[in-house]
Amino acid sequence: YLDGTFRNDWSSTLHSSNRSYFYPSVNLSWVVSDMISKNSELPSWFSFGKLRASYTAVGNDLSPYQLYNTYWIGKDPLGNTTAGLGNTLLDSSVRSELIKSLEAGLEAKFFNNRLGFDLAWYKSNATRQLINLPMDPMSGYSNKKINAGNIQNQGLELEMYGVILPGSNRGLRWDVQFNYSFNRNTIEELADNVEQYQIGGFDDLQILAEVGGNYGEIYGTSFLRVTDESSPHFGKMLLDANGLPQWNTERVKLGNQQPRALMGITNTFAYRGLSLSFLIDGRFGGEIFSGTNQALQLAGTSNVNVVNG
């Protein structure tokens, strides 16, 4: 089976020279079990098999009035008319965003559909993203609207399911579904002469996108600690004359937000028209900054504030 879509948009929010943008999709699938059944007898344990592959592109334009810098008109406290420019330097030559995705998968079912799996590999690249790049405020603007970036997502997804009890004659039926996935989100490219871009932050932390690194890198300052491995105090914090911790003024990488993997198991029980299901899921790896722990430590009510006698 081969399916395709071919779409072209003309956006009134983009300049006439960049107004038109094209984004297609193509999907190809091959039902292996149909081909086998036409030429020979399928094994009794093999119910269904399919291979698939697809390519898609998705475009996205600007919000209105984001091409040209204009003055805003207002009044001062005395009622005099005032005018000024916004904080963002706009650029009429910006283009549409474009996200390109590839996917390949294998689906199979066995034992009259009582057992099966669906395995998929994917890769997507978000390019020409419309971002506000920070500028020196002395220029008159805080940031500039540009096309930048190539953010890549690549990963694997596995779904397995089985019917433990078939529930014939409205008896007890038990279905189990297992999901596992991992994703790597990396910064392939930002903008010319830009190697790092801040995408968030809280308190002393910054969430940075850095070329060649993973999306969601956490940077901040760290406490000074004893680095001499032969010392009995190795790894402990260095205190000043007042007994307070000391810290580095230079920011260091503290971790990353992305998990190494996600997993979930769903059990569903059905009996005579009634059903009950429950989910157990897990997130493995990835760091976070806990505002709750910060508040508890500041108030002196956290376990780490307890001093052993």
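The values are calculated or read from the model by the stated rules, or taken from the named source; none is laboratory data. Values in this document were obtained by computation on a predicted structure and should not be read as measured data. Reconstructed Cβ throughout: ideal geometry from the backbone, glycine too, with neighbour counts over all protein chains shown. These accessible areas exclude ligands, DNA and RNA; they are computed on the full protein's heavy atoms, side chains included. Shrake-Rupley method; radii C 1.70, N 1.55, O 1.52, S 1.80 Å.
On inspection, L156 does not qualify as in contact with a Lys or Arg (Cβ under 7 Å, 6 or more places away or on another chain), in a strand (DSSP E or B) and hydrophobic (A, V, I, L, M, F, W, C).
Every condition in (1) under 19 Å from the mean Cα position of the chain (by Cα); (2) open to solvent by less than 40 Å² (accessible area, probe 1.4 Å); (3) among the acidic types (D, E) holds for E189 except the one numbered (2). Identify all residues within region 195-209 that are crowded, with 16+ Cβ neighbours inside 10 Å and within 18 Å of T127 (Cβ to Cβ); write none if there are none. Y197, A209, listed by residue number.
Can you tell me which residue is farthest from the chain's Cα centre (by Cα) among those in region 162-177 that are free of Cβ contacts under 8 Å to residues at least 12 places away in the same chain and open to solvent by 80 Å² or more (accessible area, probe 1.4 Å)? The qualifying residue farthest from the chain's Cα centre (by Cα) is N169. Counting only residues that are outside any loop (DSSP other than H, G, I, E, B), free of Cβ contacts under 8 Å to residues at least 12 places away in the same chain and more than 40 Å from the chain's Cα centre (by Cα), region 51-85 holds 4 of them. Residues in region 226-258 that are without any contact (Cβ under 8 Å) to a residue 40 or more places away in the chain, open to solvent by less than 100 Å² (accessible area, probe 1.4 Å), of a type outside the set (A, V, I, L, M) and closer than 26 Å to G285 by Cβ: G235, N248, G255.
Take the conditions under 25 Å from the mean Cα position of the chain (by Cα), in a strand (DSSP E or B), closer than 17 Å to F202 by Cα and among the aliphatic types (A, V, I, L, M) and apply them to L254. Does it pass? Criteria met by L254. Among residues that are among the polar types (S, T, N, Q), at pLDDT 95 or above, buried (at least 17 other Cβ atoms within 10 Å of the Cβ) and assigned to a strand (DSSP E or B), S47 is not included.
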